[in-house]
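The block underneath contains the structure these notes are about, expressed in structure tokens.
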Amino acid sequence: MGAKVCLLIFLAFLGVCSASKRSHTPCKRMVLYFHDILFNGKNGGNATSTIVAAPEGGNLTKLAGVYHFGNIVVFDDPITLDTNLHSKPVGRAQGFYIYDTNNTYTSWLGFTFVLDSPHHKGSITFAGADPIMVKARDISIVGGTGDFFMHRGIATVMTDESQGEAYFRLRLDLKFYDCWW
Amino acid sequence: MGAKVCLLIFLAFLGVCSASKRSHTPCKRMVLYFHDILFNGKNGGNATSTIVAAPEGGNLTKLAGVYHFGNIVVFDDPITLDTNLHSKPVGRAQGFYIYDTNNTYTSWLGFTFVLDSPHHKGSITFAGADPIMVKARDISIVGGTGDFFMHRGIATVMTDESQGEAYFRLRLDLKFYDCWW
Amino acid sequence: MGAKVCLLIFLAFLGVCSASKRSHTPCKRMVLYFHDILFNGKNGGNATSTIVAAPEGGNLTKLAGVYHFGNIVVFDDPITLDTNLHSKPVGRAQGFYIYDTNNTYTSWLGFTFVLDSPHHKGSITFAGADPIMVKARDISIVGGTGDFFMHRGIATVMTDESQGEAYFRLRLDLKFYDCWW
């Protein structure tokens, strides 16, 4: 009888353990948007990002010709809870992207969400490839601080809207699978 | 007797748990190669990488003088299962490297393997220092998606071949210690 | 009785498990300093970092005007155990920082501590936002190799000293919460 009870407790624990620690169901989830307005030499007042590196023959106020291959863009973009650029930001998306392919639009991203709102305080850092032409693509969440202490996960990125090279909005569905508890 | 049985189940579980979750033996392992052909102003058709930033006095078609200190190179390199540049690629290595030392050849790498083959679909993101002159050096695998969902590990990098500044091939022995199961 | 004994063993295990694996108390901790001397066109002998990218209108021997927004700096800085720049280094901090905001001083960092001393051999890779004007700010430790095999954690960064744009020293309080054992 003792062994049976034990086994039950045990399986319960095993269940809890797997569920909370190695699940494929997120332990935390949130959808956020960020808005990027690229500096073109004239929109200094509104721009939130700027080209800082270009391949041979490129310049810093216009993305390079061949799928922008070789451009590095540094950004400090507002994060909002909805799709409206003018909604009150809940934080800033800060970092860079690199256009890294010469036969399609693909970029590599390294950036951090610095959240500071009544709901969330802390940072979430992302790194990975972004195959821009794919509708929904996954990028790794490699670390977190504050409310996101030691978190890891995956964000599904969608280009929610883009207006040529002047503006784009990304929708990020953040799924944390490790919430460090 | 019950307690004994329990203890046995328990130890078995403990064994499984430690083995699968905190092992120093990889839960998944693979060897891949990638090939980098640097743009020199004339090889646009073949080049897979391009210099996009250089220190004062440098230019974008030739690596800078002092151990290339300060050059940033963006790449989109084919990944193959064997050493042959012309083998069918199983994916692309996309990201950047920075030459970051002025007294030896050292670089810092941020890049992603985007794999798309019958065997593997998904991404693996790497970040870390690469002391190029060391024969075998380790770099961190900080995240994964798709078949590499939430994976972490370490890749042992070797410069498999290099032809001056025109071409190099890296051999990566990817060892995942966290396969998220 | 068996069940009771079992439960005790079980709770003990649960305690050990949570304590060693999901704790908010570091499993390893160390304080290190690193020293950055920015190349200004004249201090080639001493400089440990160099500007490699700048926004439109910027140059590579002086940080750009508006909070340095858009500058990328590549560094190879000595790491010391105390605050003295001339102490024997225990390793090098290698990577880059980007000034990424146009209304305050904020940067994004990707770098690695390459440690090589009698006490520590291995690498520690960091990524994340650095809100420079905040006294103590947290950045994610996203991977480690060697003595820091598979480690993750958080480093609390303080600007220990800065002399205009010529020199700064950062104090990093490294707290590892995952030591992979």
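The values are calculated or read from the model by the stated rules, or taken from the named source; none is laboratory data. Everything numeric here is computed off the predicted structure, so don't read it as measured data. Reconstructed Cβ throughout: ideal geometry from the backbone, glycine too, with neighbour counts over all protein chains shown. In case anyone asks, the SASA skips ligands and DNA or RNA and just uses the protein heavy atoms, side chains included. Shrake-Rupley method; radii C 1.70, N 1.55, O 1.52, S 1.80 Å.
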Would you check the accessible area of C:Ile124, probe 1.4 Å, heavy atoms only, in square angstrom rounded to 10?
0
Do any residues of the range A:159-181 lose at least 10 Å² of accessible area when the full set of protein chains is present rather than just their chain alone, and if so which, with a 1.4 Å probe?
A:Tyr177, A:Asp178, A:Trp180, A:Trp181
Shielding by partners - mean other protein chain Cβ count within 10 Å, residues of A:50-63:
6
I need the Kirkwood Rh of the range A:25-178: take the reciprocal of the average 1/r across all distinct C-alpha pairs and report it in angstrom.
15.8
Accessible area lost on pairing A with C, both sides, 1.4 Å probe, Å² to nearest 100?
3100
222 nm [θ] for the protein assembly as shown, helices only, -39500 (n - 2.57) per DSSP H run of 4+, per residue, to 500?
-4000 deg cm²/dmol
Please work out how much accessible surface A:Val52 shows to a 1.4 Å probe, ignoring ligands, DNA and RNA, in Å² rounded to 10.
10
Do you know which residues of the range B:106-132 lose at least 40 square angstrom of accessible area in the protein assembly compared with their chain on its own, with a 1.4 angstrom probe?
B:Trp108, B:Thr125, B:Ala129
Expressed as an acute angle from 0 to 90° and rounded to the nearest 10, what is the orientation of the C-alpha long axis of helix C:2-21 relative to the principal long axis of chain C?
10
At 1.4 Å probe size, with no ligands or nucleic acids counted, give the accessible surface of A:Cys27 in Å², nearest ten.
40
The alpha-carbon center of the range A:118-168 and that of the range C:45-87 are separated, in whole Å, by 28
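If you take every residue apart from A:Glu161 with its C-beta less than 10 Å away from the C-beta of A:Glu161, what net charge results, scoring Lys and Arg +1 and Asp and Glu -1?
For residues surrounding A:Glu161, the net value is +1.
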Mind checking the per residue accessible area of the protein assembly as shown for me, 1.4 Å probe, whole number of Å²?
40
Over the range C:25-178, what percent of the accessible surface lies on carbon and sulfur atoms, probe 1.4 Å?
53
Other chains near B:145-157: what is the mean number of their Cβ atoms within 10 Å of each residue's Cβ?
4
Cα-Cα over 29 Å: which of A:Lys121/B:Lys175; B:Lys135/B:Lys175; B:Lys28/B:Lys62?
A:Lys121/B:Lys175; B:Lys28/B:Lys62
Go ahead and run the numbers for FRET between B:His24 and C:Met133, Cβ-Cβ distance against an R0 of 60 Å, rounding to 0.05.
0.90
Once the in-chain neighbours fewer than 8 apart are removed, the aspartates and glutamates whose Cα is under 12 Å from A:Lys88 read A:Asp116
